[in-house]
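The values are calculated or read from the model by the stated rules, or taken from the named source; none is laboratory data. Since the structure is predicted, the reported quantities are computational estimates derived from the model, not experimental observations. When we count neighbours, we look across all protein chains shown, and the Cβ atoms used for this are built from the backbone with ideal geometry, even at glycine. All accessible areas refer to the heavy atoms of the entire protein, side chains included, with ligands and DNA or RNA removed. Shrake-Rupley method; radii C 1.70, N 1.55, O 1.52, S 1.80 Å.
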Amino acid sequence: MALWRPVRALSLALLLACRAALAQPQVTVVERQSFSGDELGVPEGYTHRMRLAVVLLDGGGWTRGQAMVAVLQASPILGQCGVAFENVDFHVIEVPASHLDFSTPAARELARAYSVPRPAVYLVRDTKSRPAFEAEAVGRGNSASRPEIADTVWITAGVRDPGVALAHELAHVLLDSGEHSEDEGNLMRDETSQRNRRLSAAQCARLLEKGKANGLLK
Ligand SMILES: [Zn+2]
């Protein structure tokens, strides 16, 4: 009993500290718009469907048009594996300046304050991560300490080839793997480029299996 009390007091103190650390940013919804797969051009012969949420941070440098173009370019790339967008839901939200850039704490707070179904893509201004990646993916394997942002992708406004980057990061999430490929022209080469769009049969098989197992594909 003498031991139990201080331990309990300590864990309660830790719990309160964790709660206090996650602030609740003020989020205002500016616009919501939903597009069906038919409107976006469904790839022929698809076998799996994905509902995608795209969260655009107002004032972060992304326009609605750029977001749409990125989705339209990513669609045929994922279509190679038989994945079609069933629906893409765009959310334009206003957040405090402190939450316009990606960092794990800011992303966790934002995802808590404004929750959307997964997989979700957040179009942010910049990143505070070092090394600074133009885009980051958070799957199951790298989200144990930040469960709020599992199955999300964060793409900065300065990204090169936004459509390829979106497909690349979504593939990381669906594959639940941070692995890169060295194959010529492969989407999962570590450098994103218009030339790198291909997915191998083995990558597709894993992507469909993992994506379905994790509830990200139907
Ligand atoms: Zn990558």
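Quick check: from the Cα gyration tensor, does the chain come out rounded (a/c under 1.5), prolate or oblate? Here the chain falls in the prolate category. Within the assembled protein chains, the solvent-accessible surface assigned to Arg140 is about 100 Å², based on a 1.4 Å probe. Comparing Glu134, Glu179, Glu191 in a Gaussian network model of the chain where C-alpha atoms under 10 Å apart are linked, the largest mean-square fluctuation is found at Glu179. Summarising the label geometry, the points placed 7 Å from Cα in the beta-carbon direction at Glu209 and Glu44 lie 2.9 nm from one another.
With every protein chain present, what accessible area does Lys218 have (1.4 Å probe, heavy atoms only), rounded to the nearest 10 Å²? Using a 1.4 Å probe on the heavy atoms, I get roughly 120 Å².
Under DSSP H, which helices of the chain have Cα atoms covering 20 Å or more of the helix axis and a Kyte-Doolittle average no less than 0.0? Span-like helices here: 4-21, 64-79. Taking the protein heavy atoms of region 40-99 in the context of the full set of protein chains, the accessible area attributed to carbon and sulfur is 53 percent at 1.4 Å.
Helix-only arithmetic for the chain: the sum of -39500 (n - 2.57) across DSSP H runs with n ≥ 4, divided by the residue total, places the mean residue ellipticity at 222 nm at -11000 deg cm²/dmol.
In the context of the full set of protein chains, the chain has a per residue accessible area of 51 Å² (1.4 Å probe). Only protein atoms count toward the accessible area here, which uses a 1.4 Å probe; on region 103-218, the carbon and sulfur part of that area reaches 47 percent.
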